[in-house]
Structures are given as C-alpha cells and as structure tokens.
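Chemist: One structure, pasted below without further comment.
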Ligand code: GTP
Ligand code: MG
C-alpha cells in the first residue's frame, strides 16, 4: 500500500468536489487521529503529531493506492484555545466537508479509551447519523488502559451507539487493532 498527501485544505474557497471515496478521521484534539494514520500506513512522519492539542490545522487528503480512496485527517474539535474567528472558519469548512460531500463513505470516530463519551463526540455521532454516513468507532490509546477501564468505556459507547456497535480497541503505540481497522476501511470503500 502506498499513501501520499494529495491536498491540504484550510478555507472554504479551497474546497472542491472530489469524486474518489473518502473516509474521515475525526475526533477531539489530541485524541490521536494523526498518530492513527501514521500507524495504519507504517509511516512515522506522514502526518505531523504533537503532544500539544491543535496540531492539525487543515483537512489533509491522503490518497491510498491500490484502492484509489482518501483517508482525510481532520483538525480536532473541542480545543478552545483558538481565536473565535479561526474556529468559525474551521466550523464552516468542516460543515461543508460533512454535509456537501457525496464521496464521504465513512467516518472513523476516534475516541479516547480512558474517557467516557464527551459532549462533542456525541454531537459528531448525531451529525454522522443525520447525514447517514457509517461510523467506525475506534477507542484509541488502548495501551494506556487496563481491562477494567476498557470494559467501562466500551459499555458506555454501546449505550450511546446501540447494541450492534462494537467499538474497536486501537493503539498507535502497540499497533493493536490495526489489521482489523484496515479490514473495516476496505469494507466501507467497497460497499
Ligand atoms: P490534533 O491534530 O491536535 O487534533 O491531534 P491528533 O488527534 O491528531 O493527535 P496526535 O496524533 O497528534 O497525538 C496526540 C498525542 O497523543 C501525541 O503525543 C501522541 O504521541 C499521543 N498518542 C496518540 N496515539 C496514541 C496511542 O495509541 N497511545 C499512546 N500512548 N499515545 C498516543
Ligand atoms: Mg492531528
């Protein structure tokens, strides 16, 4: 598999219709979206990561070959230390990305395995349901959780998402969940 950064989008004006299927990586700031992308692609420096929230500032389109689809690394939500003007621009770009995008075939919802469901996570779930885009819930940083914490968080998400949901445990550090997530991504692209 080869993966390359094809487009970087900061503003509404830069948005264009992209016909190839897209799968978004969405979640709170610092949850590990960019790390997950790097882990999935075996490329430590493909996407920039940081221990400081707010690292990813643009929509980054990574083309996956073979397969001819995009993984789109998004800026995190819930990071308040940004000027309001910038947050509004971000909100408009994200809204456009989610609601005017016929090529969006799935949303990988990246969640912190150590935390109960957060308000903004629930808002994103509601948004994905409103636009009928399939959700792949992923509980990341699993290497930092013991079995008891995992069970509690998994159960809390099943309560939110319904009994058919089975959030996938993942770790960019131990690479737990990587093969299964690739399977689920390919299933979405082929659906
Ligand atoms: P923004 O772009 O700011 O929204 O953040 P992000 O969601 O892309 O997070 P990023 O990948 O930059 O990672 C944030 C921090 O979490 C970094 O310090 C990573 O090393 C760490 N991290 C990410 N995934 C894991 C994981 O699975 N396990 C552990 N232990 N640390 C992780
Ligand atoms: Mg990032």
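Chemist: So residue 148 passes all but one of these: (1) farther than 25 Å from residue 40 by Cα; (2) modelled with pLDDT of 95 or more; (3) surrounded by 12 or more Cβ atoms within 10 Å (Cβ to Cβ). Which condition number does it fail?
Modeler: (3)
Chemist: State whether the residues of the range 170-181 include one that is modelled with pLDDT under 95, loosely packed, with under 15 Cβ neighbours inside 10 Å and in contact with a helix residue (DSSP H, G or I) (Cβ under 9 Å, 6 or more places away or on another chain). Let's see the steps before the verdict.
Modeler: Step one: filter the range 170-181 for residues modelled with pLDDT under 95, giving none.
No, the range 170-181 has no match at all.
Chemist: Got a sec? Which of 105, 133 is in contact with a strand residue (DSSP E or B) (Cβ under 9 Å, 6 or more places away or on another chain), crowded, with 17+ Cβ neighbours inside 10 Å, modelled with pLDDT of 95 or more and not in a strand (DSSP E or B)?
Modeler: 133
Chemist: Continuing with this model, one more query. Can you work out which of the residues in the range 67-85 that are farther than 20 Å from residue 107 by Cα and away from ligand 2 (no atom under 16 Å from the Cβ) is modelled with the lowest pLDDT?
Modeler: The selected residue is 80.
Chemist: Right, here's the next one. Would you check which residues across the range 55-66 are part of a loop (DSSP other than H, G, I, E, B) and either crowded, with 16+ Cβ neighbours inside 10 Å or more than 12 Å from ligand 2 (Cβ to nearest atom) (or both) and list them?
Modeler: Answer for the range 55-66, where residues must be part of a loop (DSSP other than H, G, I, E, B) and either crowded, with 16+ Cβ neighbours inside 10 Å or more than 12 Å from ligand 2 (Cβ to nearest atom) (or both): 55, 56, 58, 66.
Chemist: Within the range 137-162, restricting attention to residues that are touching a helix residue (DSSP H, G or I) at 6+ places or on another chain (Cβ under 8 Å) and without any contact (Cβ under 8 Å) to a residue 60 or more places away in the chain, which residue is farthest from residue 188 (Cα to Cα)?
Modeler: 145
Chemist: From the list 155, 148, 100, 114, which residue is away from ligand 2 (no atom under 16 Å from the Cβ), within 19 Å of residue 76 (Cα to Cα) and over 16 Å from the mean Cα position of the chain (by Cα)?
Modeler: Matching residue, one of 155, 148, 100, 114: 114.
The values are calculated or read from the model by the stated rules, or taken from the named source; none is laboratory data. Because the structure is predicted, anything quoted here is derived from the model rather than measured. When we count neighbours, we look across all protein chains shown, and the Cβ atoms used for this are built from the backbone with ideal geometry, even at glycine.
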